[in-house]
Amino acid sequence: MRTANDTSLLRRERELERAIVPAVEAALPGVEVLAVELVSPSRFCIYVDHPAGVDHALCERVTYLLDDYRSDYTIDVSSPGPERPLRTPAHYRAVVGRRVQVKTDAEFDGRRKFRAEVCSADDAAVTLETTAGTLQIPYEEIVRGNLIDEGDAT
């Protein structure tokens, strides 16, 4: 069950994401902000990707772009890694046929956590093939989504 504190943190995380994503992507052409995750009330992590890869210099540029936040937050900037965050319909469409881990705000089939294959993804929801069958989850109900690293199986 989600507490009032959890809801407040999630709301603050989404506010940060709405402010940070367009600012970073406009200032640094080619950079895609995959996710902003509030790790604690005073720390957030921003996951970025770039066609040329993510190196220390890019992470440093992103950090300095966010100087206005540094008085209130510790900021971590990271590459997405093999278990890349999934937040948008485009992210889910790119991983159709792959396994993901999804955590939801509301319960679906009595659960809030799923490890399943992405069957499809449209603009409103992602469809997962779970052990109990096919399940459609609207994006606004997804708290976290990540690709499951299956090593060299792909």
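Rule-based calculations on the coordinates, nothing more; no lab input. All of these numbers come straight from a predicted model, not from anything done at the bench. No Cβ is skipped: glycine too gets one built from the backbone with ideal geometry, and neighbour counts run over all protein chains shown.
A few notes on this one:
- Pairwise label distance in nanometres, ALA132 with GLU15, each label 7 Å out on the Cα-Cβ vector: 3.4
- Rounded to the nearest 20 debye, the dipole size of the chain about its Cα centre is 360 debye, using +1 on the Cβ of Lys and Arg and -1 on the Cβ of Asp and Glu.
- Isotropically averaged projected area of region 54-94, using the convex hull of Cα atoms (one quarter of hull area), nm²: 3.9
- Rounded to the nearest 10 degrees, the angle from helix 4-27 to the longest Cα principal axis of the chain is 60 degrees.
- Computed E for ALA23/ASP123 - FRET, C-beta separation, R0 25 angstrom, nearest 0.05: 0.55
- Across region 100-108, rounded Karplus estimates of 3J(HN,Hα) from the backbone phi angles (6.51 cos²θ - 1.76 cosθ + 1.60, θ = phi - 60°) give 10, 10, 10, 10, 10, 6, 9, 7, 10 Hz, Gly and Pro being marked x.
- With R₀ fixed at 22 Å, the C-beta to C-beta distance from ALA106 to SER78 puts the FRET efficiency at about 0.20.
- Distance between modelled label sites at VAL96 and TYR69, nm, 7 Å Cα→Cβ extension: 3.2
- Placing +1 on each Lys and Arg Cβ and -1 on each Asp and Glu Cβ, with no other charges, gives region 4-78 a dipole about its Cα centre of roughly 180 debye.
- Cα-only Debye scattering, region 4-78: base-10 log of I(q)/I(0) at q = 0.17, 0.18, 0.19, 0.27 Å⁻¹: -0.59, -0.66, -0.73, -1.37
- Ellipticity estimate at 222 nm from DSSP helix runs (n ≥ 4, -39,500 (n - 2.57)) divided over the chain, nearest 500: -8000 deg cm²/dmol
- Phi-derived couplings, Karplus 6.51 cos²θ - 1.76 cosθ + 1.60 at θ = phi - 60°, listed residue by residue for region 50-64: 8, x, 8, x, 10, 10, 4, 4, 5, 4, 5, 4, 5, 4, 5 Hz, with x used for Gly and Pro.
- Scaled against the 2.2 N^0.38 Å expected of a compact globular protein of N residues, the Cα radius of gyration of the chain reads 1.08.
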